[in-house]
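Engineer: A single structure is presented below for examination.
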Amino acid sequence: MPSRAPHNHEIVRDRPGRYPRTGEFVKDDDQVTRETPLLAPESNVDRVTSHRHVRHSVENSQIAQVAHVVFPDARQVLSLVAPGVVMTMSIVLAFAVASMTGANSAWFLAPLVVPGLILGAFRGGGAGSRWRESVGINLGTMLILFPLLIIRQSAVRVPYLDMAHGTVFAAMLSTAAVVVALSGVALAAAWIAREDAESSAMLFLPAALMVPLLTSATEFAELSAALLVAGSIFVVATILTVFASMLPSSYVVFVAPLAVAAEVLFVTMVRQDRIFPVGVNEAGMVLFATVVVVAIALVVVLPSLSAWFSRIDQLRLSNRQRMA
């Protein structure tokens, strides 16, 4: 019976047999089909599977999981807090101008916008590489979402807000406008942070923190009081941003939802007597709950949405490279 042909990398021993004509036995020698050089002892590659040892991969994953709090240096902190600090200073200047010129004057818009535009003209390096995008989100929050929240508060201040008196339609329209603006800011933050999906919720945090406070107490319908609240929100958001930068990436996604949940808890427990205006009916309560639930939902789903945007962007780039 003929012997099979040896495979590559296989050392086989010839079966003893006789030559057909001479009758002599074949020499019992080893036949080497291919020579493979041995790897260096210090190489971290398995000699059989040509892959890295599983033991090293497990050790690396354990090191990655056991991550510790890392304190950023002064330059990184400055890069992280620059957009929030500049917006807070802009709000303080806008509050001073509004106090001097009156609430009916639009002069307060200049100090509210100009400092952010100046910062946006510069692009930082490292942690500050997204200054321009962060400034854009902050300006969109203050120029679009913030006025709509004040208008909504003016609409819900109407006494006896319910369907029977016909006073709920303006509140419903303004609430819908707030939801649309809030969703637009969230989508912009998700797209901007698509390369770092965990940080998208932190970019959206100032807008989300404005909703529970500026939709609960009716006295915040005044421009001066609303500006003070907005400035405080940006201070808190900036502090939380620095805190989130010290955490492992797997824990960053919990910072913004917990912050919004804590604010809602504060509003419902500490300010429960001033959440709704006098004489409000179920319609006003439903409108308040709608805006708050939308804000919380957006904060929770934003990292996943940003990761989805990242996947779409990668597919778009790969398709462009194939066509090129």
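The values are calculated or read from the model by the stated rules, or taken from the named source; none is laboratory data. As the structure is a prediction and not an experimental result, all values here were calculated from the model. Here the Cβ is made from the backbone with ideal geometry for all residues, glycine too, and neighbour counts use every protein chain on show.
Engineer: Pairs under 8 Å by beta carbon, first residue within 18 Å of Arg132 (Cα to Cα) in the stretch 96-116, partner at pLDDT below 85 and assigned to a helix (DSSP H, G or I), six or more apart or different chains?
Structural biologist: From the stretch 96-116, no pairs qualify.
Engineer: Still on this structure, I have one more. Only residues that are under 13 Å from the mean Cα position of the chain (by Cα) and either hydroxyl-bearing (Ser, Thr, Tyr) or at positive phi (or both): list them for the stretch 225-246, please.
Structural biologist: Thr241, Ser245
Engineer: For the stretch 310-319, does any single residue satisfy the condition of being surrounded by 16 or more Cβ atoms within 10 Å (Cβ to Cβ), closer than 28 Å to Leu109 by Cβ and either modelled with pLDDT under 85 or touching a helix residue (DSSP H, G or I) at 6+ places or on another chain (Cβ under 8 Å) (or both)?
Structural biologist: No, every residue in the stretch 310-319 fails to be surrounded by 16 or more Cβ atoms within 10 Å (Cβ to Cβ), closer than 28 Å to Leu109 by Cβ and either modelled with pLDDT under 85 or touching a helix residue (DSSP H, G or I) at 6+ places or on another chain (Cβ under 8 Å) (or both).
Engineer: Would you mind telling me which numbered condition in (1) closer than 19 Å to Leu298 by Cα; (2) of a type in the set (Val, Ile, Thr); (3) touching a residue at least 40 places away in the same chain (Cβ under 8 Å) Ile233 fails?
Structural biologist: With (1) closer than 19 Å to Leu298 by Cα; (2) of a type in the set (Val, Ile, Thr); (3) touching a residue at least 40 places away in the same chain (Cβ under 8 Å) applied to Ile233, the lone miss is (3).
Engineer: In addition: Right, Ala256: under 26 Å from Val81 (Cβ atoms) and modelled with pLDDT of 90 or more or not?
Structural biologist: Yes; evaluated as a whole, the condition is true for this residue.
Engineer: Also, I was wondering about something else. Every residue in the stretch 201-218 that is modelled with pLDDT under 90 and part of a helix (DSSP H, G or I), please.
Structural biologist: Once the filter is applied, which keeps residues that are modelled with pLDDT under 90 and part of a helix (DSSP H, G or I), the stretch 201-218 yields Pro212, Leu213, Leu214, Thr218.
Engineer: Specify the residue that is surrounded by the fewest Cβ atoms within 10 Å (Cβ to Cβ); the eligible residues are those in the stretch 247-268 that are over 15 Å from the mean Cα position of the chain (by Cα) and over 16 Å from Val300 (Cα atoms).
Structural biologist: Among those residues, the one meeting the criterion is Leu265.
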